[in-house]
Amino acid sequence: MECIHTEIKDCFIIKPTVFSDNRGYFFESFNEQKFNQITGLEIHFVQDNQAKSDRGILRGLHFQKGAHAQAKLVRVLQGKVIDVAVDLRKDSPTYLQHIAVELSAENNLQLFVPRGFAHGYSVLEDNTVFCYKCDNYYNKEVEAGVYYADPKLNINWQLKEDEIILSEKDKQLMNLAI
């Protein structure tokens, strides 16, 4: 397992060690002890989530506020996405900067999204299965979000505007008020 540092502090790409042979492949998708060692963090995940979507679906940008904020470790089991993490930590030197990473069943990469970030992804292939671990439980009362097309963020979701399919909830999200 390798930790690839990004330009945004505490936001990491995790690359597993994949063992392949004539039978297929094997890799350890998560090991808390190794993860904490290579990232220098002390993370304990408490909830796993999974979603299946077709090309054009865009989920996000979502986050939870305050004590219910969540760190996430995200990956794709089948298909391909552009996964985006936006730094919303006002005291951060990378405030409002984002990272966009292609995650796929082929590359097996994972993205660690720290607390204090908005998170979302666009689906680039039909029948994509996306899963993620959270270090805090979901709490509907404190969920929030930012509109995916906020011009301040200038995110390339790698989809044409007429391809994007949003939930009714995500259509109601607002741009950042800065």
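The values are calculated or read from the model by the stated rules, or taken from the named source; none is laboratory data. This one's a predicted model, so the numbers in the text were calculated from it and none came from an experiment. Note: ideal-geometry Cβ built from the backbone for every residue, glycine included; neighbour counts use all protein chains shown.
Numbers for the structure displayed
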item	result
Every residue from the range 52-84 that is assigned to a loop (DSSP other than H, G, I, E, B) and closer than 15 Å to Y132 by Cβ	A69, Q70, A71, G79
Residue check for G66: more than 24 Å from F35 (Cα to Cα) and touching a residue at least 60 places away in the same chain (Cβ under 8 Å)	yes
All positions within the range 122-151 that are more than 25 Å from D91 (Cα to Cα) and either buried (at least 17 other Cβ atoms within 10 Å of the Cβ) or hydrophobic (A, V, I, L, M, F, W, C) (or both)	S122, V123, L124, T128, V129, F130, C131, Y132, K133
Residues within the range 21-51 that are out of contact with any strand residue (DSSP E or B) (no Cβ under 8 Å at 6 or more places or on another chain) and assigned to a strand (DSSP E or B), tallied	2
Residues being of a type in the set (G, A, S), under 24 Å from H68 (Cβ atoms) and modelled with pLDDT of 95 or more - total across the range 145-178	2
The range 1-37: number of residues that are among the aliphatic types (A, V, I, L, M) and either at pLDDT 95 or above or within 18 Å of the chain's Cα centre (by Cα) (or both)	4
For Q50: the one exception among (1) of a type outside the set (V, I, T); (2) farther than 23 Å from Y137 by Cα; (3) at pLDDT 95 or above	(2)
All positions within the range 89-110 that are closer than 26 Å to K140 by Cα, among the aliphatic types (A, V, I, L, M) and buried (at least 19 other Cβ atoms within 10 Å of the Cβ)	I99
Any hit, the range 125-140, residues being farther than 13 Å from L96 by Cα, without any contact (Cβ under 8 Å) to a residue 24 or more places away in the chain and not aliphatic (A, V, I, L, M)	yes
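This table checks each residue for (1) among the hydrophobic types (A, V, I, L, M, F, W, C); (2) under 23 Å from K171 (Cβ atoms).
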| site | (1), (2) |
| --- | --- |
| E42 | no, no |
| V46 | yes, no |
| S53 | no, yes |
| L61 | yes, yes |
| A67 | yes, no |
| A71 | yes, no |
| V74 | yes, yes |
| Q78 | no, no |
